[in-house]
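Here the structure is laid out as C-alpha cells; the discussion comes afterwards.
The values are calculated or read from the model by the stated rules, or taken from the named source; none is laboratory data. These figures come from a predicted structure and were not determined experimentally. No Cβ is skipped: glycine too gets one built from the backbone with ideal geometry, and neighbour counts run over all protein chains shown. Note: accessible area is taken over every heavy atom of the protein model, side chains too, but ligands, DNA and RNA are not part of it. Shrake-Rupley method; radii C 1.70, N 1.55, O 1.52, S 1.80 Å.
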Amino acid sequence: MTIRDIIECIDGKILTSECDMEQNVEYGYACDLLSHVMAKCSPNSVWITVQTHLNVVAVASLVDIACIIIPESIDVEKETLDRAEKEGITIISTGLNTFEICGRLYDMGISPCP
Amino acid sequence: MEYTYNVEAGNYALAGEASSSIKALLKKLGISGDIVRRMAIAAYEAEMNIVIHSKGGCLILKISPEELILISEDRGPGIPDIDLAMKEGYSTAPDEAREMGFGAGMGLSNMKRCADEFNIKSTVGIGTKVQIKIYLK
C-alpha cells in the first residue's frame, strides 16, 4: 500500500506540504500512549493518534513511522506540521474516527505491526 | 568517541532533540538499522524521563567498535522504589505529561528491552543514573 492508497481509503487530506505519495506502508498501529508506540510500532507503519503536539513527530521519526493519521478532523498545531515536513513524515487528517480508520485500513490489507 | 547532550527539565517543545541527534549520528556512522532503532528508543525514553521527572540532566553516548553505551544522568527527586518504577504501567508522571500521552509507565522497561545490559542507580533527593549497553558484535 502507498500513502496515496491510504488517503483514498479513509477520505483523508494531507496536512504536510511535502509528501512522497508513493511511499510504501505495510503496517498499522493505533494508540495515544507514546511509550506503547515506541515499543510496538514497526518501521514503515501508519500510526493513528489523537495527539497532535510536537512530540508525536519525534516519536514517529525515531521509530521510522511513515505516516500519521489524525482522526475526527482534529486540528494539528502548525509547529507539529512544520516539524513533520522537516522530518519527512506525512500527516493526514480525516473526519473518520479511530475505529473506522482501523477498520478500513485493515480491510484494505494493512497488517498489524508484527 | 564520547558525546554529551544536555536535557532541560520540563521543556516538552525541545524534548526529543537529543535522541534525534543520537539517531542521526549512529546512522551516519553506518550502524545497522535495528541497533540504531533500539538506541533511539532507549535514548528517547531516557530523555523524556529527564524532561518529566527531574530538574535537568544529560545523556552521554559512548561509541566503541564493540558496543554503544548510553548514560542518562539527572538531578532530581530520585526513585525510592526501583522495582516498582520498573514495573510496566506504574508511573508518577504529572497530569500535564499524561495528557500528552506520556506516563504510560513503560519508560524504564522499554529501555531495558532495547538494551543488552541495563543498570540503574538512584539516590532519593539527589538523582538517577541509568546506563545501558548495546553490543555491536
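Values for this structure:
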{"read-out": "Criterion violated by A:T94 - all others in (1) open to solvent by 10 Å² or more (accessible area, probe 1.4 Å); (2) farther than 17 Å from B:Y44 by Cα satisfied", "value": "(1)"}
{"read-out": "Considering residues of segment A:76-91 that are under 23 Å from A:E26 (Cα atoms) and within 14 Å of chain B (Cβ to nearest Cβ) only, the residue most open to solvent (accessible area, probe 1.4 Å)", "value": "A:K86"}
{"read-out": "Residues satisfying the stated conditions in segment A:55-75, i.e. farther than 22 Å from B:D34 by Cα and surrounded by fewer than 19 Cβ atoms within 10 Å (Cβ to Cβ)", "value": "A:E72, A:S73, A:I74, A:D75"}
{"read-out": "Where B:A9 falls short, out of the listed (1) away from every other protein chain (no Cβ under 13 Å); (2) aliphatic (A, V, I, L, M); (3) not in a loop (DSSP other than H, G, I, E, B)", "value": "(3)"}
{"read-out": "Enumerated strands (runs of 3 or more DSSP E) restricted to segment A:11-72, each holding at least 2 residues that are at pLDDT below 95 and within 14 Å of chain B (Cβ to nearest Cβ)", "value": "none"}
{"read-out": "Among the residues listed as B:L70, B:L84, the single one being within 21 Å of B:E117 (Cα to Cα), among the hydrophobic types (A, V, I, L, M, F, W, C) and assigned to a strand (DSSP E or B)", "value": "B:L70"}
{"read-out": "B:V130 vs. criteria within 16 Å of the chain's Cα centre (by Cα), within 23 Å of A:N55 (Cα to Cα), away from chain A (no Cβ under 14 Å) and buried (at least 18 other Cβ atoms within 10 Å of the Cβ)", "value": "yes"}
{"read-out": "Residues within segment B:15-61 that are out of contact with any helix residue (DSSP H, G or I) (no Cβ under 7 Å at 6 or more places or on another chain) and at negative phi, tallied", "value": "19"}
{"read-out": "Qualifying positions in segment B:92-116 - at the interface with chain A (Cβ under 10 Å from one of its Cβ atoms), in a loop (DSSP other than H, G, I, E, B) and open to solvent by 30 Å² or more (accessible area, probe 1.4 Å)", "value": "B:M100"}
{"read-out": "Residue in segment B:40-53 that is more than 19 Å from B:K23 (Cβ to Cβ) and either of a type in the set (S, T, N, Q) or part of a helix (DSSP H, G or I) (or both) present", "value": "yes"}
{"read-out": "Filter result for A:V37 (within 14 Å of B:G101 (Cβ to Cβ) and buried (at least 21 other Cβ atoms within 10 Å of the Cβ))", "value": "yes"}
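Results for (1) within 30 Å of A:L81 (Cα to Cα); (2) within 10 Å of another protein chain (Cβ to nearest Cβ), shown as yes or no for each residue.
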position: B:T4; (1), (2): yes, no
position: B:E17; (1), (2): yes, yes
position: B:S20; (1), (2): yes, yes
position: B:K27; (1), (2): yes, no
position: B:G30; (1), (2): yes, no
position: B:V36; (1), (2): yes, yes
position: B:C58; (1), (2): yes, no
position: B:L61; (1), (2): yes, no
position: B:F118; (1), (2): no, no
